[in-house]
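**Student:** Okay, handing you the structure first.
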Amino acid sequence: MSRNSIEWNVRSLMEEIPAHVKLVAAAKTRSEEEIKTVIDAGVRIVGHNYVSEALNTAQAFKGRARCHMIGHLQRNKVSKAVEIFDMVETLDSLRLAKELDKKAGNIGKVMPVLIEVNSAEETQKYGVMPSDVMEFAGKIEKFENLSLEGLMTMGPLTNSPEEARKYFSRTREVFEELKAMGAFSSECAYLSMGMSATYKVAIEEGANMVRVGTAIFGPRVTG
Ligand SMILES: *Cc1c(COP(=O)(O)O)cnc(C)c1O
């Protein structure tokens, strides 16, 4: 897509989504130039699926945009991840939590994390099952170098927003329960759900963070 159309997409999205909802530009497979365009247009958070891609651009945009991990984080990438990410949205196992806590501690950082909820309970997907999130959150709270700031979910693989709605709604319920229990580090906890096809429904169901790729950058050629 041309620079102009990317800029136009960002502007209209920012006008459309309510002010309390944070926009994460999902940047997988996009060029540094494309990422620069969205930051110039006002995007303040860039989401990466791969540590390697984030490494290529994190330095270039340091101080201009925050950098979120939104893909599955492998434990052997955690050292690098704690250096470059401002938030890991995809905390999905206790083993990963332990590694993140250790490596963040090594560099004197407290790592903000969201628990990834496998809201559609698909066995081939990453994430904590909704019924296990409560117990898992209790364990995460004990790590000194992790700061639990909310929940994230992908929802089912579908382009039908109405099909996704009930999974978003279920995640919202768990989110509210945890919030009421004081499980999150900050009052303004994050509920990250919704992508290009589903962000409207996700916001209706309580998302205050949406991750949008194709609706900003156009269709992905690869990846
Ligand atoms: C790619 C991706 C998105 C954005 O998807 P689009 O359909 O391109 O908007 C959001 N979240 C995650 C975790 C992704 O991998």
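The values are calculated or read from the model by the stated rules, or taken from the named source; none is laboratory data. None of the values given here were measured: they were computed from a predicted structure. We place every Cβ from the backbone using ideal geometry, glycine too, and count neighbours over all the protein chains shown.
**Student:** Go through the range 122-132 and report how many residues are touching a residue at least 24 places away in the same chain (Cβ under 8 Å) and in a loop (DSSP other than H, G, I, E, B). Walk me through it before giving the result.
**Tutor:** If we filter the range 122-132 for residues that are touching a residue at least 24 places away in the same chain (Cβ under 8 Å), which is where we start, we get 122, 125-128, 130.
Still in the list and also in a loop (DSSP other than H, G, I, E, B): 122, 125-127.
Of the residues in the range 122-132, 4 are touching a residue at least 24 places away in the same chain (Cβ under 8 Å) and in a loop (DSSP other than H, G, I, E, B).
**Student:** Does K125 satisfy being modelled with pLDDT of 95 or more and not polar (S, T, N, Q)? Steps first, answer last, please.
**Tutor:** Working: modelled with pLDDT of 95 or more: no; not polar (S, T, N, Q): yes.
Here the answer is no, as K125 does not meet what is asked.
**Student:** Quick check on S196: is it free of Cβ contacts under 8 Å to residues at least 24 places away in the same chain, closer than 21 Å to K22 by Cβ and surrounded by 15 or more Cβ atoms within 10 Å (Cβ to Cβ)?
**Tutor:** Working: free of Cβ contacts under 8 Å to residues at least 24 places away in the same chain: yes; closer than 21 Å to K22 by Cβ: yes; surrounded by 15 or more Cβ atoms within 10 Å (Cβ to Cβ): yes.
Yes; evaluated as a whole, the condition is true for this residue.
**Student:** Also, quick follow-up: Restricting the first residue to the range 87-104 and requiring it to be touching a residue at least 40 places away in the same chain (Cβ under 8 Å), which pairs with a second residue that is among the polar types (S, T, N, Q) and crowded, with 21+ Cβ neighbours inside 10 Å meet a Cβ separation below 8 Å and a spacing of at least six or different chains?
**Tutor:** Close Cβ pairs satisfying both conditions: E89/S192.
**Student:** Okay, next question. Which members of the range 76-127 meet the condition of being surrounded by fewer than 21 Cβ atoms within 10 Å (Cβ to Cβ), hydroxyl-bearing (S, T, Y) and in contact with an Asp or Glu (Cβ under 8 Å, 6 or more places away or on another chain)?
**Tutor:** Y126, the sole residue that qualifies.
**Student:** Going by the structure shown, is K22 within 17 Å of G150 (Cα to Cα) and charged (D, E, K, R)? It would help to see each step written out before you state the result.
**Tutor:** Values: within 17 Å of G150 (Cα to Cα): yes; charged (D, E, K, R): yes.
Answer is yes for this residue.
**Student:** Could you please find all residues in the range 143-161 being modelled with pLDDT of 95 or more and out of contact with any Gly (no Cβ under 8 Å at 6 or more places or on another chain)?
**Tutor:** Matches in the range 143-161: F143, L146, S147, L148, E149, G150, L151, M152.
**Student:** Something else about it: Starting from the range 7-26, keep only residues that are crowded, with 17+ Cβ neighbours inside 10 Å, then list their pairs with residues that are among the hydroxyl-bearing types (S, T, Y) and not in a strand (DSSP E or B) whose Cβ atoms are within a distance under 7 Å, requiring at least 6 positions of separation or different chains.
**Tutor:** So the pair list comes out as E7/T37.
**Student:** With the requirement that a residue be farther than 17 Å from M195 by Cα, out of contact with any Asp or Glu (no Cβ under 6 Å at 6 or more places or on another chain) and in contact (Cβ under 8 Å) with a residue 12 or more places away in the chain, what does the range 45-58 give you? Show your work before the answer.
**Tutor:** Keep residues of the range 45-58 that are farther than 17 Å from M195 by Cα, which gives 50-58.
Restricting the remaining residues to those that are out of contact with any Asp or Glu (no Cβ under 6 Å at 6 or more places or on another chain) gives 50-56, 58.
Within the range 45-58, Y50, V51, E53, A54, L55, N56, A58 meet the criteria.
**Student:** Another one. Filter the range 73-102 for residues that are under 20 Å from F136 (Cα atoms) and among the charged types (D, E, K, R) and give the result.
**Tutor:** R75, E89, D92, R95, K98, E99, D101, K102
**Student:** While we're looking at this one, here's another question. Do the conditions hold for E187, that is, is it of a type in the set (D, E, K, R), without any contact (Cβ under 8 Å) to a residue 12 or more places away in the chain and at negative phi?
**Tutor:** On the way: of a type in the set (D, E, K, R): yes; without any contact (Cβ under 8 Å) to a residue 12 or more places away in the chain: yes; at negative phi: yes.
Yes, satisfied.
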